[in-house]
Amino acid sequence: MTRLDTAWVRTQFPAFAVASLEGQSFFENAGGSFPCAQVVHRLHRFYTERKVQPYAPYAMSQVAGAEMDEARERLAEMLGVATHELSFGPSTTANTYVLAQAVRKWLKPGEAIVVTDQDHEANSGPWRRLSEDGVEVREWRIDPTTGHLDPEALGDLLADGRVRLVCFTHCSNVVAEINDVARIAAMARAAGARTCVDGVSYVPHGLPDVGALGCDVYLFSAYKVYGPHQGIMAIREDWGRELPNQGHFFNGDALYKRFTPAGPDHAQVAASAGMADYIEALSAHHGGPARGAPAARAAHDLMRAREVELLRPLLDALRDRNDLRLLGPAEAEGRAPTVAVELPGSAEVAATALGGHGIQCGGGDFYAVRPLRAMGIDPDKGVLRMSFTHYTSEEDIDRLVRALDAVLPG
């Protein structure tokens, strides 16, 4: 496989040309990545040239609507779903909440759902609240030592045939182990259950082929994939039509409007096409396909290979330390480059100290209160999280390792 051209990649992100960020290494990508130039350009152009109500008969409005349609069409193709199966909303949390309201009315008495204690609260809290209406909520629990989510344990929860929905994460924002979505979705389907997958912590590292994964819903946040602050949801048409409409009654026939009761930000939807621009440019620059789903698959593999390469020395450095606890897998191949560690003291204090060494990262619970508690970690103390993506350099990793040596007690 062609090795990722990091120098070229970094030219695609305006942040790396900002003078005030020189000598700084960004390790808070799990909270939101830098936007790529293609997104910035499209957002600026929309606000300066197209900021009108879209889909009206005059020319500027037609162009605005066409750019919004372009974003939906291109991203849907890259994700392996139909265009009308993709919708935009204000955030993943909001999209999940709206979907949960539809499921609330879809479930019948005596039926159950499954949630995990590995998830970010966005794909846990809205589902757990269904218990207020008498829905049985079963918890698929992680290993308290490793954070691993065992598919065999899910089999026991599905055994009686009463589960209609399984909600889980592609990878946790603190554990970072990549779960086998295709296997889990197949298990649920065989038991007569639908699946809702939170992909927020996975997608920054390459767009997945959602169609091939076999899940019924896949959600993620564009602002963590070099884009604007929008939530994106792919929902299979058969289930989307089965669930009750949550949008305006007169929009009920349009699948991509059924779960967006408030209109999305037009400019940000249009700017999301810049994500597709960047992914295609990345693939083409490295000799891969220049368009659509093939480009997305090639970019995914380039990103993933690069991140595994960068992750290995960081994990090696952490493995040698006795002053911290690494959450999730110790091997780079089985996890995303979101590295959370428990420290003896406050994670926020450590993050602040690292800032003095040019390391931009965070300390806290990261809305992952449930998995932290499940692993015996006090959310008030939190974890130190160092998260990166494919535009991170070897110099960044070296700076981080040196900073950890300087800041942590050893």
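Below are the figures for this structure:
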| read-out | value |
| --- | --- |
| Added length on full extension, which subtracts the Cα-Cα distance from 0.36 nm per residue, Ala82 to Ala153 | 22.3 nm |
| Spin-label pair His229/Glu395, simplified geometry with 7 Å Cα→Cβ offset, distance in nm | 3.1 nm |
| Amide hydrogen neighbours beyond the local backbone of Glu136, cut-off 5 Å, H modeled | Ile113 |
| Cα-Cα pairs of region 123-199 separated by more than 16 Å (percent) | 51 percent |
| Calculated log₁₀ intensity ratio I(q)/I(0) where the Debye formula runs over C-alpha points of region 170-278, q = 0.10, 0.13, 0.20 Å⁻¹ | -0.33, -0.56, -1.17 |
| Fraction of accessible area attributable to carbon and sulfur, region 15-90 (%, probe 1.4 Å) | 59 percent |
| Candidates Asp160, Asp396, Asp301: whichever shows maximal mean-square fluctuation once the chain is modelled as a Gaussian network with Cα springs under 10 Å | Asp160 |
| Under Karplus coefficients 6.51, -1.76 and 1.60, residue-wise ³J(HN,Hα) of region 294-300 in Hz, glycine/proline x | x, 5, 5, 5, 5, 5, 3 |
| FRET efficiency, Arg373 to Ala59 (Cβ-Cβ, R0 56 Å, nearest 0.05) | 0.50 |
| Filtered trypsin sites (Lys or Arg not before Pro), region 317-410: DSSP coil and at most 11 other beta carbons within 10 Å | none |
| Rounded to whole Å, sorted largest first: equivalent-ellipsoid semi-axes of region 37-149, Cα gyration tensor | 39, 18, 13 |
| Region 43-275: Cα Rg divided by the 2.2 N^0.38 Å rule of thumb | 1.03 |
| At R0 = 51 Å, FRET efficiency that the Cβ-Cβ distance of Ala182 and His41 yields, to 0.05 | 0.90 |
| Proximal lysine pairs, region 43-275, alpha carbons under 28 Å, eight or more residues apart or interchain | 5 |
| Inter-probe distance in nm under a simple model that places probes 7 Å from Cα toward Cβ, at Val18 and Arg291 | 3.5 nm |
| Per residue solvent-accessible surface (Å²) - region 43-275, probe of 1.4 Å | 37 Å² |
| FRET efficiency estimate (nearest 0.05) - Cβ-Cβ, Asp405 to Glu132, R0 51 angstrom | 0.55 |
| Placed amide H near Val166: partners under 5 Å, 5+ positions off or other chain | Val114, Arg194, Thr195, Cys196 |
| Inter-probe distance in nm under a simple model that places probes 7 Å from Cα toward Cβ, at Phe249 and Glu139 | 4.1 nm |
| Candidate values [x] 48, 24, 19; [y] 32, 29, 18; [z] 37, 26, 18, label of the one derived for semi-axes √(5λ) of the Cα gyration tensor in Å | [y] |
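The values are calculated or read from the model by the stated rules, or taken from the named source; none is laboratory data. Quick caveat: nothing in here was measured; it's all calculated off a predicted structure. Counting neighbours? That spans all protein chains shown, and the Cβs are built from the backbone with ideal geometry, glycine included. Only protein heavy atoms, including side chains, enter the accessible area calculation; ligands, DNA and RNA are left aside. Shrake-Rupley method; radii C 1.70, N 1.55, O 1.52, S 1.80 Å.
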